[in-house]
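For reference, the structure is listed below as structure tokens.
Since every read-out is calculated from the coordinates, none of them should be taken as a lab result. Just so it is clear, the model here is predicted, and its values are computed rather than measured. Cβ sites come from the backbone with ideal geometry, for glycine too, and all protein chains shown count toward neighbours.
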Amino acid sequence: MSMHRSLKTQPGALNEHRNVLTRAERIARLVDQDRFRMDDDSPLNLPKVANRAVSTGKKKKAAEETTEEGTATTEEAAGDSAASSASSS
């Protein structure tokens with residue numbers, strides 16, 4: 001019997017964002033936040049750890065392009081006004 005396509009894993013599937021962390025990953029995050037001490041605390045009944053997805057920078061890149069275009073237009077206008085004031089003198 002064949003496997004349903006939603007159950008098959010793609011090659012890059014392991015690199016995708018996961019909501020559920022393993023116990024080791026949760027402990028590592030808690031240690032970084034100074035909320036877990038390896039000597040004293042139990043690895044059982046750990047507190048919840050938020051795993052937020054990192055946003056992509058696509059919107060920021062588009063904003064930079066418009067800023068660069070606006071800067072180039074401003075520089076051209078400044079150059080044109082300087083040239084016109086120099087020619088009128």
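Table for the structure above
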{"quantity": "Simple label model, 7 Å out from Cα along Cβ direction - MET3 to ASN51, nm", "calculated": "2.0 nm"}
{"quantity": "Net charge over other residues, Cβ less than 14 angstrom from the Cβ of HIS17 (K, R count +1; D, E count -1)", "calculated": "0"}
{"quantity": "Rounded to whole Hz, the Karplus (6.51, -1.76, 1.60) HN-Hα couplings of the stretch 23-29, x for glycine and proline", "calculated": "4, 4, 5, 5, 5, 4, 5"}
